[in-house]
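The values are calculated or read from the model by the stated rules, or taken from the named source; none is laboratory data. Bear in mind that the values here come from a model prediction, so they are computed numbers and not experimental data. Don't worry about glycine lacking a Cβ; one is built from the backbone with ideal geometry, like all the others, and counts go over all protein chains shown.
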Amino acid sequence: MGGFFAVASKNDCVFDLFFGTDYHSHLGTRRAGMAVYGKDGFNKTIHNIENSPFRTKFDKDVSEMEGKLGIGCISDYEPQPLLVRSHHGTYAITTVGKINNLDALAKEMFGKGHTHFLEMSGGDINATELVAALINQQENLIEGIEYAQEKIDGSMSIIVMTPKGIYAARDRLGRTPVVIGRKEDAFCATFECFAYLNLGYTDYKELGPGEIVVMTPESVVTLKKPGENMKICAFLWIYYGYPSSSYEGVSVEKMRYDCGKLMAKRDNAKPDTVAGVPDSGTAHAVGYANESGIPFSRPFIKYTPTWPRSFMPTMQSQRNLIAKMKLIPVGELIKGKSMLLIDDSIVRGTQLRETTEFLYQSGAKEVHIRPACPPIMYGCKYLNFSRSSSEMDLITRRVIAAKEGKDVSSEVLADYANPESDRYTAMLEEIRKQLNFTSLKFNRLDDMIEAVGLPKCKLCTYCWDGQE
C-alpha cells in the first residue's frame, strides 16, 4: 500500500512532517522518504526501512533539514519521493496506488521521443517516476496531473511539491483517501486523518474522487472539483486502516465492532471464549463478544518492542515465520478451551493455519475460525494489497481450481462467491479441512457493507465479488 503526509506552513515544517509521516508506518514496509523546500532549495532523503522503523532511520535527517513546505511517504515498494526537473520547473512527487498498464504507458512514451526510466533493483520502473513523466507531457502541472490519472489503468493519488505550494490529487474514483487538516499557521494533507491530531491540526476537508487542490500556508484552493462516482476500498476498514482513523466519516474501530456484531448474529457456535488475531482482528472480536455474550480474551499477545510493523521481509516464507514469531501464547487462556478466533481475512491461509496449529500445540480443544470479510476471490487490481504473482496464490482459487480446473468462467466464480450456493459451502469445507479448523464461517458481503454504512455503489468490493 503506502501512505503520505504533506505540510505547508508559515514556519519550519520538519517536525510535523517527520511525525506525520511516521504515523503511516503501518502502511508500508520497504522504503520511506522526506523532501522539503526551504531557503536553500529542495532537500530530499530516502531510507530503507525493512530492518528498522522510520524514526530511527530519519532521526538525524530531521536535525539537518529545514523548510516551510514538505512531503513525506512510507512506501511498500518504490523509493520516493522523487525530485524531478522539467519544463514545469523542479518539483518533488510522491504517489500511492497501482498502475496496471505501466509497461504499455512506458512503451507509448518511448515511441514519442527519447524518454528513459531508471530501473529499480528488481528491473521494474519506479511507478512514481512514470507518473512524473506523464505529468511532464502537458503544459502545466494541473493538466499534467489530470492527464496522468486519465491514462493510468488502476488507481493513483498524487502529491506534488513546488516552491510555491503543494498539489494534492485524490485518485479518480477515490479508492484511497486524501484528507486536509489545518491549524493556525499551517495546512497538511494526509492519507490517515489521525496522523495530524496530536500535531495540533483539526479536520478541514476530505478530498472527493479525482479532486485536485493546491495547498499553501495560507489556504487550500480547489483546482478540479470532485467527481460524482466513488469506489473507496472497503478493505481499508477491515484491515489496512489504523483503528483511530476514519474514512468518509466512518470510524475504522467502530466499523470493526459493528462487523463483529453482525457476524455474531448469524453464528450458532458456542465456544468458551472469543479472540482476535492481533492487531486488526481484535476489534472485530470485541464486537462479536459484546453481541454474543461469550467472553473476550487475549490468548496470545503480539510482541512489538523489537518487531515493529515495518520489519517485514519481502519473501512470503520469511513473512510467515516472523508473523508466527511475534505471537506469544498465554497458556492459561488456551489449554482445554474451545476458542473462536477472528482474523481480518484469509488470503493464502498459511499464517492462519500455523496460528491454529500453534493454539492446538498450546492445548486448545477447538479452534473455530471467523474471517471478518468474505472469501477473497480476486487479486486486487487497484491497490498494492498483495504483490502475489498470481490469483492462484489465493486459497479460494486453489480450491476452486482443484474442483473445476484453472480456466473457470466468471459465472462459476460468482457462484462460489454466493454464500447461499452449494459450491460456496463445498469450498468452505475444503478450506476448513486443509487449514485444520474445527469450523469455518466467513462474514457475508452484505453484512460487511452494512457495518461500513456506505452504499455498495460507493465501495470497491472487487476482491470479493469481481465487480468493478
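Annotations
- The residue of the stretch 419-441 that is surrounded by the most Cβ atoms within 10 Å (Cβ to Cβ), among those that are β-branched (V, I, T) and assigned to a helix (DSSP H, G or I), is I431.
- Against the test of being in contact with a helix residue (DSSP H, G or I) (Cβ under 8 Å, 6 or more places away or on another chain), over 29 Å from L134 (Cα atoms), touching a residue at least 24 places away in the same chain (Cβ under 8 Å) and surrounded by 18 or more Cβ atoms within 10 Å (Cβ to Cβ), the options F5, F58 yield a single qualifying residue, F58.
- Of residues in the stretch 81-124 being charged (D, E, K, R) and either modelled with pLDDT of 90 or more or out of contact with any strand residue (DSSP E or B) (no Cβ under 8 Å at 6 or more places or on another chain) (or both), the one surrounded by the fewest Cβ atoms within 10 Å (Cβ to Cβ): K112
- Taking residues in the stretch 215-227 that are under 17 Å from K10 (Cβ atoms), and partners anywhere that are surrounded by fewer than 13 Cβ atoms within 10 Å (Cβ to Cβ), the pairs with Cβ atoms closer than 7 Å and at least 6 places apart or on different chains are P217/K10.
- Residue-level check: of (1) in a loop (DSSP other than H, G, I, E, B); (2) closer than 23 Å to S75 by Cα; (3) touching a Gly at 6+ places or on another chain (Cβ under 7 Å), G122 misses just (3).
- The selection criterion, being among the hydroxyl-bearing types (S, T, Y), closer than 13 Å to I159 by Cβ and in contact (Cβ under 8 Å) with a residue 40 or more places away in the chain, does not hold for T90.
- The one condition in (1) in contact (Cβ under 8 Å) with a residue 40 or more places away in the chain; (2) touching a helix residue (DSSP H, G or I) at 6+ places or on another chain (Cβ under 8 Å); (3) not charged (D, E, K, R) that S410 fails to fulfil: (2)
- Scope the stretch 125-177; condition modelled with pLDDT of 95 or more, surrounded by fewer than 22 Cβ atoms within 10 Å (Cβ to Cβ) and among the β-branched types (V, I, T); matching residues: I142, T162
- E78 meets each of the listed conditions (1) in a helix (DSSP H, G or I); (2) crowded, with 17+ Cβ neighbours inside 10 Å apart from (1).
- For the stretch 241-291, the set of residues classified as assigned by TED's automatic domain parsing to the domain that holds G453, crowded, with 21+ Cβ neighbours inside 10 Å, modelled with pLDDT of 95 or more and assigned to a loop (DSSP other than H, G, I, E, B) consists of P271 only.
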